[in-house]
Amino acid sequence: MKLDLYLQKSSNLYAENRLLKFVVVALTIGIIWSMVSANRALKYQRTIILPPQVDSRIEITGTTINDDYIKMYVRYIMSLMLDYQPAIVENSFNDLLNLADPSFFAALKMQLHKIGESVTKLQVSSVFYLHNITIDQEARKINIKGLRKQYTHTSLIENGEKEYVIEYRILNGRFYVSDLQEVGSCR
């Protein structure tokens, strides 16, 4: 770039340097503004998932998710945890461990290992009929009520209303179970 605004060459060089400095500063400001805008856009980005088995929209925005997404995961978690028979209990429990928060993984693994041993040893089958799901998104807790039946061979061992509490967290749009407890029998 050559400027011929002034009679002296040194004045023209200074003008060129000022113009180049201005362009560099303008580009730097533009790049910084672009980075801030991209970061802000990522914060408000939504991913809308509609798998074939789901009949409603599932939305994930940052660390918040809608109730339909939570209910889908609750059904999946409860089926892995409470619908089993000796032949599939180990695979179901391993799939459930994939959803565990790293801080809860070891405790859940020990709990599931104990249950798995007694299921295979005593030949116990279980089924859970989900009745009600109550979600508290602020506390990140889910209350689940339903009917649980357990059988060994052909004998009914347990038949009663049960209540469970799941605590969860969302990390990078992924659902993690941070606690899973049986609260007790419902009346």
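If you go through segment 168-183, how many residues are without any contact (Cβ under 8 Å) to a residue 40 or more places away in the chain and closer than 17 Å to M72 by Cα?
Selection size over segment 168-183: 1.
Can we say E90 is among the charged types (D, E, K, R), loosely packed, with under 13 Cβ neighbours inside 10 Å and assigned by TED's automatic domain parsing to the domain that holds Y164?
So E90 fails the test.
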Being on the phi > 0 side of the Ramachandran plot and charged (D, E, K, R) is the filter here; which residues of segment 116-149 pass it? R140
So, in segment 156-187, of the ones that are surrounded by 13 or more Cβ atoms within 10 Å (Cβ to Cβ) and outside any strand (DSSP E or B), which residue ends up nearest to the chain's Cα centre (by Cα)? G173
Enumeration of residues in segment 79-103 that are within 19 Å of I157 (Cβ to Cβ) and either assigned to a loop (DSSP other than H, G, I, E, B) or charged (D, E, K, R) (or both): D83, Q85, P86, A87, I88
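Scan A38, A106 and give me the residue that is over 18 Å from the mean Cα position of the chain (by Cα), modelled with pLDDT under 90 and outside any strand (DSSP E or B).
A38
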Give me the pairs: first residue in segment 147-159 and closer than 16 Å to G184 by Cβ and touching a residue at least 60 places away in the same chain (Cβ under 8 Å), second residue of a type in the set (A, V, I, L, M, F, W, C) and in a strand (DSSP E or B), beta-carbon distance under 8 Å, and six or more apart or on different chains, which are they? R148/V127; R148/F128
Of all the residues that make up segment 122-162, how many are touching a Gly at 6+ places or on another chain (Cβ under 8 Å) and hydrophobic (A, V, I, L, M, F, W, C)? 3
Among all residue pairs at least 6 apart or on different chains, which show Cβ distances below 6 Å where the first residue, located in segment 97-121, is surrounded by 11 or more Cβ atoms within 10 Å (Cβ to Cβ) and the second is outside any helix (DSSP H, G or I) and of a type in the set (S, T, N, Q)? D101/S178; F104/S178
Can you tell me which residues in segment 123-137 are over 16 Å from G184 (Cβ atoms) and modelled with pLDDT of 90 or more? Q123, V124, S125, S126, V127, Y129, L130, I133, I135, D136
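The values are calculated or read from the model by the stated rules, or taken from the named source; none is laboratory data. Nothing here was measured: the structure is a model prediction, and the numbers come from that model. Cβ sites come from the backbone with ideal geometry, for glycine too, and all protein chains shown count toward neighbours.
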